[in-house]
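Here the structure is laid out as C-alpha cells; the discussion comes afterwards.
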Amino acid sequence: MKALKLMLLPYMGAVIAAAFLWPEAAKGFIGESSRIVFFHVPCAWTSTLAFVVAAGYSLAYLVRRNPWHDDIAAAAVRIGLLFGVLTLVTGSLFANIMWGSWWNWDPRESSYLLLVFLYAAYLFLRSAVEDPERRPRIAAAYALFAAVLMPFLTFVAPRITASLHPQTVINPQGKILMDTPTRAVFFGALAGFSGLFLWMLSLEARTARLGRERRNSPAV
Amino acid sequence: MSSLGYLAAVNVVIWVGLFAYLWRLDRRLTEKERAR
C-alpha cells in the first residue's frame, strides 16, 4: 500500500503537467478553457464514486451494525462533498469563460447544486441527532435515500431539457469524442483522482475511528 | 516559460504540497493506531 501511495506522487504530477502541456486545446472552446475537462470531470467522477461508496457502507452498516462501516460511509460523504464543491467551482470557472457568467442556472449546474445540497443535508442530519445509537442508523437510511435520487440528479435531470453544457463523455452517440492524447490524460486523471479518493477515504475514516474509540474509552 | 508551462508548474507544486500533507497525516495516524 505504501508503494502505491508513493507512486501517486509522480503519477499525478505527470498527469497534471500533461493536462497543461500535452494535448492540444479542443476546438470550439475559448482559449485553453477545454483543459478544465482534466480536473472538472474527475472531480465529478470522484464525488459520484464517493456517494456510491457511502451508500454501500451505509447498507453494510444497516445489515451488520458495525460502527467502522458508519465511519467509512460518513467519511465518503464528506470527501464526496469536497469533490462536489470542486466540481461546481471548476464548472463555474469554465462557465465564466465560455458563457460570460459564473452561474447560469443551466440544468446541469442546477441539478448538481441540488446533489451537493442533498449530501450536505446528510452532514446536518448527523450533527442534529445527538443519540450515538440512533445517529448511524438514521444517517445510513438517509444515505440510501440520497443514493436513489443521485442518478436522477446526475444523469437524468440534466438531459431532460437543452443545456449549455458541452457534450458529456457518456453521450447519445456512445462514442468518446477525444483524440488520443486527450483521452490518455483524461482517463489517467480519472484513475489518479480515484486513487487519491481511496487514500483520503482511508485517512478520514481512520481519523473518525480514533475519535470514536477515544470518546468510548473510559476517562483516565 | 509559457503561461501554460507556468500553470502546470504551479499546479504540480500544489499537488506536491497536498501529497506531503496527506503523507504526514498518514504517518501520524499510523503512530496513533500503534499506540492504542
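Determine whether the stretch A:170-180 contains at least one residue that is at pLDDT 95 or above and more than 14 Å from chain B (Cβ to nearest Cβ). No - not one qualifying residue is present in the stretch A:170-180.
For every residue, the table says whether it meets (1) crowded, with 17+ Cβ neighbours inside 10 Å; (2) away from chain B (no Cβ under 14 Å); (3) touching a residue at least 24 places away in the same chain (Cβ under 8 Å); (4) farther than 20 Å from A:Ala120 by Cα.
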position	(1), (2), (3), (4)
A:Ala3	no, no, no, yes
A:Gly13	yes, no, no, yes
A:Ala19	yes, no, yes, yes
A:Lys27	no, yes, no, yes
A:Val37	yes, yes, yes, yes
A:Phe51	yes, yes, yes, no
A:Ser58	yes, yes, yes, no
A:Asp70	yes, yes, yes, no
A:Val77	yes, yes, yes, no
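Report yes if A:Ser111 is surrounded by 14 or more Cβ atoms within 10 Å (Cβ to Cβ) and at pLDDT below 90, otherwise no. Against the criterion (surrounded by 14 or more Cβ atoms within 10 Å (Cβ to Cβ) and at pLDDT below 90), A:Ser111 does not qualify. Restricting to the stretch A:116-137, give me the number of residues that are closer than 16 Å to A:Ala60 by Cβ and of a type in the set (A, V, I, L, M, F, W, C). Of the residues in that region, 0 qualify. Taken over the stretch B:1-19, the criterion of being facing chain A (nearest Cβ under 9 Å), within 14 Å of A:Gly13 (Cβ to Cβ) and surrounded by fewer than 12 Cβ atoms within 10 Å (Cβ to Cβ) is satisfied by B:Ile14 alone. Right, A:Trp68: more than 20 Å from A:Gly195 (Cβ to Cβ) and at pLDDT 95 or above or not? Against the criterion (more than 20 Å from A:Gly195 (Cβ to Cβ) and at pLDDT 95 or above), A:Trp68 qualifies. As for the stretch A:55-68, it holds no residue that is among the aliphatic types (A, V, I, L, M), part of a helix (DSSP H, G or I) and in contact with a Ser or Thr (Cβ under 9 Å, 6 or more places away or on another chain).
The values are calculated or read from the model by the stated rules, or taken from the named source; none is laboratory data. Since the model is a prediction, treat every value here as computed from it, not as a measurement. Neighbour counts run over all protein chains shown; Cβ positions are idealised from the backbone, glycine included.
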